[in-house]
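A short write-up of the structure that comes next.
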Amino acid sequence: MKYLVVGLEASGTKMVAKYTAMQLGITDKFNDWKGRNRIKNKQNEVIHRSLPYGTRKTIKDRPYYAVHEHFGLPKEVKIIICIRDITATFLSSLKNHNKENIALTVNNMQTGLKYIYSYLKSKYKCFIFSYEMALFLGIKYFWEINKFFELPIYKNKTFEIKNGNFKYYDITNKIYMSLQQQKKNKIAKKLLSGV
């Protein structure tokens, strides 16, 4: 079975692809694969693509295309669409992927959203993965992917979930710093660890 993990750049797709590969037994540990391109074993394959696929900050005028236009999707494919707070997605993409080019970042996000809508309208079964829900609920939220696709859950296969949103918001930075000073507090510990 093929599992396609897609989402806008900086929406958590790599993290979800690595988790999926680990749960499918393609990898033993979360960091056994860097989460780029694709990985497979005899039974399953995980394909990771940030949308729009085909663009790179160092290559001008490289054409955009949807993942299925490049790979061709088989009759049976399961899709995981990753979403993240739009401000955090924009700022992370702007800083880390688009050389702080605002117009390019906006264009990439608009193009990527068109492809996401096309997957939502398709015949394929899609699981919508929320980055923020994962931060709030922790590993148990990742298990919803397994449940949705009727896969066994390997509870011993886990990883540390890091909150990448704090740095993009002044108020959350203040809360984070305050919580760090109260590390003995159980609630503070949960919030800092992503539950």
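Tabulated values for the structure
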item: Which listed residue is crowded, with 17+ Cβ neighbours inside 10 Å, of a type in the set (A, V, I, L, M), over 19 Å from MET1 (Cα atoms) and at pLDDT below 90, from LEU104, LEU73, LEU94; result: LEU94
item: Residue match in the range 14-36 (condition: in contact with a Phe, Trp or Tyr (Cβ under 8 Å, 6 or more places away or on another chain) and modelled with pLDDT under 90); result: no
item: From LYS121, LYS125, LYS114, LYS183, residue being modelled with pLDDT under 85 and of a type in the set (D, E, K, R); result: LYS183
item: Set LYS78, LYS123, LYS114, LYS99: member being under 27 Å from PHE148 (Cα atoms), charged (D, E, K, R) and assigned to a loop (DSSP other than H, G, I, E, B); result: LYS123
item: Residue among LYS167, LYS162, LYS147, LYS140 that alone is outside any helix (DSSP H, G or I) and not polar (S, T, N, Q); result: LYS162
item: Selection from the range 102-154 of residues that are at negative phi and charged (D, E, K, R); result: LYS114, LYS121, LYS123, LYS125, GLU132, LYS140, GLU144, LYS147
item: Residues within the range 1-41 that are assigned to a helix (DSSP H, G or I) and of a type in the set (Gly, Ala, Ser), tallied; result: 2
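The values are calculated or read from the model by the stated rules, or taken from the named source; none is laboratory data. The model shown is predicted, which means the values in this text are computed figures rather than measured ones. Virtual Cβ from ideal backbone geometry, glycine too; neighbours counted across all protein chains shown.
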